[in-house]
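Single-structure report; data block below.
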Amino acid sequence: MKIAVDAMGGDYAPLEIVKGVEQARDKFKDLEFILYGVQEKINDILNNSERITVIHTDVMIEMGEEPVRAIRRKKDASMVLAATAVKNGQADAFFSAGNTGAILAAGIFIIGRIKGIERPGLATVLPTVEGEHSNFVMMDMGANAESKASHLYQYGFLGDFYAEKVMGYKTPRVGLLNLGTEEDKGDAVHKEAWQLLNASNKLNFIGNVEARELLNGAADVVITDGSNGNTALKAIEGTALTMLKLIKTSILSAGIKGKLGALLLKDSLRGMRDRLDYTKAGGAVLLGIKAPVVKTHGSAKAQEVANTFMQIRTMLVAELIPAIQEYIEQNSDELRTSNDNE
């Protein structure tokens, strides 16, 4: 299985990207990597080139660039070359920690959208602190700032499929992120999306869920537009980090008794930290594209990068994309809405 890697995307590229590639390469003997980036810089970092091919380019897409314009004008950019390798069958999956909008554009315009999906969306796995499952999947996480009700409706199917086939959840509970649990809450788009989701015979739709209940396992699949999804994600990440800092500060300021107590609770505190560590689940998957397209945080370090490659491997082993295409084709009538031709 070959993964095309944008080695120059991300805040710590290419160092942390290359280190993450080698960690994944050493752990999984069935993975090969094609790295696109500045060859001299990459080779200086590599311990060895076993199952790693480096394709040189000194062109890259910056975080602040306009995505579609950058994809169309920078044909030799590391991200564009990696996506093109997947399109041409030279690689099976595409990875980047770079510009989110450019990754979306590369997925749609280079690799291609799955027929029947109006708008691909980013799905990510987040932790819960209670409930039957330890994680839930949420989409869209920022690929699209605005969404139609029909987009949210289709995200319900894509998220449901991912939760069942990749995470192993039987009959996942699908919830719509909203400002209240009542049916009539939210704007016109969310009200219409609620009606579409509720009318589906395929989904286990449980209604609206509130942001404050996400980490309590309110749903196995949480559907939202990209703006609210990304805001919720940042709030969850920030809260988790703040909690851990607050606990550490409280222990240090409590004197010898606090430190002795922390020593006794060391394993429990480590377990809590691990439970809230969203980086272990990997990156965000652009669902609705003809091949696995996965983005990790721009600030990702080597371990998070390696975890994302493990996630990609799981998708490839499970043949997730062909299965999604078959699923969409089988449910094409239900996926269509009255707004499809608007």
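Computed quantities for the displayed model
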{"item": "Identity of the residue in the stretch 175-209, small (Gly, Ala, Ser) and part of a helix (DSSP H, G or I), that ends up surrounded by the fewest Cβ atoms within 10 Å (Cβ to Cβ)", "result": "Ala188"}
{"item": "Qualifying residue in the stretch 279-292 (condition: more than 21 Å from Gly107 (Cβ to Cβ), open to solvent by 50 Å² or more (accessible area, probe 1.4 Å) and at pLDDT below 85)", "result": "yes"}
{"item": "Any pair with Cβ under 6 angstrom, 6 or more apart, that starts in the stretch 140-159 at a residue that is more than 17 Å from Gly207 (Cα to Cα) and ends at one that is in a helix (DSSP H, G or I) and open to solvent by 10 Å² or more (accessible area, probe 1.4 Å)", "result": "Met141/Asn230; Met141/Leu233; Gly142/Thr100; Gly142/Asn230; Ala143/Leu104; Ala145/Ser227"}
{"item": "Search result, residues across the stretch 110-148 that are at pLDDT below 95 and either assigned to a helix (DSSP H, G or I) or on the phi > 0 side of the Ramachandran plot (or both)", "result": "Gly116, Gly131, Gly142"}
{"item": "Filter result (in contact with a helix residue (DSSP H, G or I) (Cβ under 6 Å, 6 or more places away or on another chain) and either over 22 Å from Ser332 (Cβ atoms) or small (Gly, Ala, Ser) (or both)) within the stretch 184-218", "result": "Val189, Ala193, Ala211"}
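Yes/no per residue for (1) in a helix (DSSP H, G or I); (2) of a type in the set (Val, Ile, Thr); (3) touching a helix residue (DSSP H, G or I) at 6+ places or on another chain (Cβ under 6 Å):
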site	(1), (2), (3)
Lys29	no, no, no
Asn43	yes, no, no
Gly64	no, no, no
Ala83	yes, no, yes
Gly89	no, no, no
Gly98	no, no, yes
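The values are calculated or read from the model by the stated rules, or taken from the named source; none is laboratory data. Computed from a predicted structure; not experimentally measured. Backbone-built Cβ (ideal geometry, glycine too); neighbour counts: all protein chains shown. For the accessible areas, the whole protein counts, side chains as well, though only heavy atoms, and no ligand, DNA or RNA atoms are used. Shrake-Rupley method; radii C 1.70, N 1.55, O 1.52, S 1.80 Å.
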